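Some notes on the structure that comes next.
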Amino acid sequence: MSIIDDLQELAVGARMKRLYDTFSKDVIQIYKDEQLDNFEPKYFTLFYLIRKRGEIGITDIAEELALTHPGVIHLAKELETLGYIESVKSKTDNRKRILRLSEKGLASLQKFDRVWDKILLLNRTLFNNQKNNLLTAIMETEQQLDDKPYYQRFKEMFEPLDSTGVSILNYEPQLAKYFKSLNIEWINTYFTVEEHDLEQLNHPEDHILAGGGKIIFAKADNEIAGTCALIKTGKNEYEIAKMAVAPKFQGRKIGNTLMEAVIKIAKDLKAERVWLGSNTKLGPALGLYEKFGFKHIPVGNSPYQRANVKMEMFL
């Protein structure tokens, strides 16, 4: 028995990595047997997605595969070097490059399909013969962590704190740097910062406050712990946007406190409707919005590529 086996739950990450390496080593050999030399399991989801979509941009890939923008670029460059994909200019935007299968990639599809059909059958047989199905267990764990991130669970279990001592501050010029830094941090964690983000984060006074909006901050332990904006989008209508909480303060219900404060401000401004945009990746955030009474509506047009959820609430 190795130290990893002995550590049990404490070494779950190392154990999953060891299992992946075990799969990967043999699958690489299977690809070689099919004359698909140098193709590795790490390329599979990227290659398969490009094959499925025909043509797709880096940002869309990052969102679809839940990878960072740099991570996608790194994998794509390796796969392009191997000759399986190619990068071309977008037909609608010359500044944007998209990925598609190369001639080699297209010519190899029959071999790939043959290998994948066999691997699929083998994996189903392997998992279905287990007392505890590995795939089911992984999916259950992913769902739990989507509902509440691991870090938040840790804080709540071992440092159970509530929002006592959290104060709400109104925007002041010296706080603008926190409005930007907190939002840049969370956006880069899950997505990619977009042009519309930078307009508002670099010039909040022009793009938010001048139009009748508000920006607030949550202060805890003598630090700026979170922020949120209320942007006027029409008569008696506001968007709740740019809500961000510093990772070290997650688990202290800062988001809840910010939401209570910003809704109160909206009511004071005689708002009749507030709305927001979000993404299905952000399970805890969506749960917070639903808790306050927001209802899902069609997304429609959005200045953000990441926005695949839209919600509203009438006050």
Problem - Residue count, the stretch 188-217 (criterion: in contact (Cβ under 8 Å) with a residue 12 or more places away in the chain and either closer than 18 Å to Met259 by Cα or of a type in the set (A, V, I, L, M, F, W, C) (or both)) - result: 9
Problem - Conditions (1) over 30 Å from Glu260 (Cβ atoms); (2) of a type in the set (S, T, N, Q); (3) assigned to a helix (DSSP H, G or I): number failed by Gln144 - result: (1)
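Let's see how each residue does on (1) surrounded by 11 or more Cβ atoms within 10 Å (Cβ to Cβ); (2) in the same structural domain as Ala307 (by TED's automatic domain parsing); (3) among the hydrophobic types (A, V, I, L, M, F, W, C); (4) more than 30 Å from Ser278 (Cβ to Cβ):
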site	(1), (2), (3), (4)
His69	yes, no, no, no
His74	yes, no, no, no
Glu80	yes, no, no, yes
Phe112	yes, no, yes, yes
Trp116	yes, no, yes, yes
Arg124	yes, no, no, yes
Problem - Any hit, the stretch 205-212, residues being part of a helix (DSSP H, G or I), crowded, with 21+ Cβ neighbours inside 10 Å and assigned by TED's automatic domain parsing to the domain that holds Pro284 - result: yes
Exercise for the section: Residue by residue through the stretch 244-285, note down the ones that are outside any loop (DSSP other than H, G, I, E, B) and farther than 19 Å from Ile231 by Cα. Expected result: Pro247, Lys248, Phe249, Ile254, Gly283, Pro284
Completion exercise
When the stretch 229-259 is checked residue by residue, the ones that are in contact with a Pro (Cβ under 9 Å, 6 or more places away or on another chain) and over 11 Å from Ala218 (Cα atoms) are Ala229, Lys242, Gln250, Gly251
Practice task
Please work out which residue is nearest to Gly277 (Cα to Cα), limiting yourself to the stretch 213-255 and to residues that are surrounded by fewer than 17 Cβ atoms within 10 Å (Cβ to Cβ) and polar (S, T, N, Q).
Solution key: Thr233
Exercise for the section: Residue by residue through the stretch 218-243, note down the ones that are in contact (Cβ under 8 Å) with a residue 12 or more places away in the chain and not in a strand (DSSP E or B). Expected result: Asp221, Asn236
Handout entry: Residue count, the stretch 290-302 (criterion: within 13 Å of Glu239 (Cα to Cα) and either touching a residue at least 24 places away in the same chain (Cβ under 8 Å) or outside any loop (DSSP other than H, G, I, E, B) (or both))
Key = 1
Exercise for the section: Could you tell me whether any residue of the stretch 115-138 is farther than 30 Å from Arg15 by Cβ and touching a residue at least 24 places away in the same chain (Cβ under 8 Å)? Expected result: no
Completion exercise
Taking the stretch 177-204 and keeping residues more than 13 Å from the chain's Cα centre (by Cα) and of a type in the set (Phe, Trp, Tyr) leaves Tyr178, Phe179
Practice task
Would you check if Ser167 is hydroxyl-bearing (Ser, Thr, Tyr) and in the same structural domain as Leu67 (by TED's automatic domain parsing)?
Solution key: no
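The values are calculated or read from the model by the stated rules, or taken from the named source; none is laboratory data. A quick note: this is a predicted structure, and the numbers were derived from the prediction, not measured. Glycine also receives a Cβ, built like all others from the backbone with ideal geometry; neighbour counts cover every protein chain displayed.
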